[in-house]
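Everything on this sheet refers to the single structure shown next.
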Amino acid sequence: MKKLSFTPDEGNQFYHILQHRVTAMLKKKKQSRFANPLMIFKVTVYLVLLVTCYAFICTSTDSVIKFYVAYLAFGLIALLLAFNVSHDAAHHAILSNKKHNDILFAVTWHLLGNNAYVWKKYHIESHHLYTNVHGSDVDVLDNPLLRMTSKQPLYCFNRFQHLYAPILYLFYSLNWLVVRDTMQLFGRSDRSIAIKLSTKQKLRLVLNKAVYAGYMVLLPFLLLPFTLTQILLAFILMHFLISIVIAAVLGVSHLAEEADHPHPHAAGEMSHSWVTLQMRTSLDYNADNRLLNWLLGGFNAHTVHHLFPNVCHIHYLDIVPIMRETAREFGLTYNECPYGRAVASHFRFLKRMGHEL
């Protein structure tokens with residue numbers, strides 16, 4: 001990962017005032033930056049739903065349709081748990097005890113079968129520091145099928161990427177589960193940054209995959225009167241569903257016309273501050289919507305998350321108006337729009353990147 005330096009600008013003063021106002025708001029409401037009672041209730045609801053869905057999976061002996069519905073519902077709830085719990089816990093934003101946050105993160109993240117250690121390390125040390133910067137942000141793909149920045153080679157088939165992207169999105173979760181993590185075992189990566197694991201972390205990765213395969217495939221096969229093919233089909237369909245939701249929720253946040261993909265100078269210096277980078281590289285959609293905040297864990301207010309990653313998303317609804325007004329005072333652009341416009345912007349961005357050098 002190429003480390004970068006930032007240049008002070010008006011964003012620094014904006015952020016100083018914004019932090020002061022957010023702190024004052026929380027103090028006025030007599031709340032900390034961590035979870036409040038509503039958030040605790042929310043976590044409880046998702047956990048109960050998850051356990052209930054898995055119970056239905058293991059007891060669906062009389063109907064394959066019931067089994068498929070329960071299986072898909074389990075995958076969806078596990079993803080929503082990752083959005084709402086794992087993500088905040090990774091940033092130590094739910095509980096005041098860091099160790100308890102780490103445990104909560106690891107337990108809930110592994111429900112999707114993915115490597116918790118790698119994701120947290122590079123999400124915080126790379127993505128949040130150098131958002132959308134090729135070679136420094138681990139979330140920038142190094143995949144010729146989807147060109148995301150002008151730093152990546154332009155191939156003739158990229159001109160159609162806005163058309164075939166939805167098909168590729170179906171395989172996002174399965175690729176992460178099987179291909180990406182397996183590549184890490186051999187010191188390779190499908191990202192623009194190489195990810196290397198210690199022997200201990202490699203063993204943990206393999207163990208986590210085995211446990212996941214055990215309760216998602218092996219146990220249902222042993223308990224239920226369904227064929228292995230039927231169970232594997234449910235597994236694949238579940239990951240298709242997860243992939244579409246991930247793409248729909250996260251794809252538009254950093255991959256849109258409004259979201260910048262800046263390039264550092266040759267010496268590794270950005271021409272603006274870290275705060276300005278965060279304002280320029282995210283696109284929020286319906287950031288004031290309470291239902292989306294509840295379902296998506298605040299991912300629809302992504303700029304707020306990048307500026308306040310250690311604040312629980314349950315507070316984003318109160319922070320968004322403050323940030324919007326403060327940005328207006330400093331003449332900074334806050335990228336936001338309705339969700340439909342965000343999706344359209346995402347595909348226009350893909351089309352442009354498939355044509356421009």
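No value in this document is a laboratory result; all are computed from the given coordinates. Since we're looking at a predicted model, the values are computed, not measured. Counting neighbours? That spans all protein chains shown, and the Cβs are built from the backbone with ideal geometry, glycine included.
Take every Cα pair under 8 Å in the stretch 234-322 that's 6+ residues apart, average their separations, divide by the length, and report that relative contact order as a whole percent.
Over the stretch 234-322, the number comes to 23 percent.
Computed over every Cα-Cα pair of the chain and binned at 10 Å starting from 0, the pair-distance distribution P(r) comes out as 5, 22, 33, 26, 11, 2, 0 percent.
Of the residues Pro153, Leu104, Leu177, the one whose Cα sits farthest toward the positive end of the charge dipole of the chain, with +1 on the Cβ of Lys and Arg and -1 on the Cβ of Asp and Glu, is Leu104.
Eigenvalues of the Cα gyration tensor times 5, then square-rooted: what semi-axes does that give for the stretch 5-62, in whole angstrom, largest first?
Semi-axes, largest first: 44, 18, 6 Å.
Go ahead and collect, in residue order, the members of the stretch 5-34 whose backbone nitrogen is under 17 Å from a label point 7 Å along the Cα-Cβ direction of Glu269. Correct set: 5-10. Neighbour counts of other Cβ atoms within 10 Å put Thr227, Thr303 in the fewest-to-most order Thr227, Thr303.
What per residue convex hull volume, in Å³, comes out for the stretch 157-254 when only alpha-carbon positions are used?
Given the Cα convex hull of the stretch 157-254, per-residue volume reads 135 Å³.
Its relative contact order, with pairs defined as Cα atoms under 8 Å and 6+ residues apart, puts the stretch 10-353 at 23 percent. Taking the Cα centre of the chain as origin and assigning +1 to Lys and Arg Cβ atoms and -1 to Asp and Glu Cβ atoms, the resulting dipole is close to 640 debye. For the chain, what is the calculated [θ] at 222 nm in deg cm²/dmol (nearest 500), taking -39500 (n - 2.57) for each run of four or more DSSP H residues and dividing by its residue count? Computed ellipticity for the chain at 222 nm equals -17000 deg cm²/dmol.
With a simple spin-label model that places each label point 7 Å from the Cα along the Cα-to-Cβ direction, the separation between Asp102 and Glu125 comes to 1.4 nm. In the calculated pair distance distribution of the stretch 1-118, what percentage of Cα-Cα distances lie above 18 Å? Of all Cα-Cα distances in the stretch 1-118, 65 percent exceed 18 Å.
By the Cα gyration tensor, the stretch 178-317 has an equivalent ellipsoid whose semi-axes, rounded to whole angstrom, run 35, 24, 14 from largest to smallest.
With neighbours defined as other Cβ atoms within 10 Å of a residue's Cβ, the residues Arg147, Arg280, Arg204, Arg188 order from fewest to most as Arg188, Arg204, Arg280, Arg147. Taking the square roots of 5 times each eigenvalue of the Cα gyration tensor of the stretch 142-213, largest first, gives ellipsoid semi-axes of 29, 16, 6 Å. Above 25 Å, the calculated P(r) of the stretch 93-228 contains 39 percent of its Cα-Cα pairs.
Among Cys337, Cys58, Cys156, the largest mean-square fluctuation in a Gaussian network model of the chain (Cα springs under 10 Å) belongs to Cys156. Pop a pseudo-label 7 angstrom from the Cα along the beta-carbon direction at both Arg341 and His16 and give the gap in nm to one decimal. Modelled inter-label distance: 3.3 nm.
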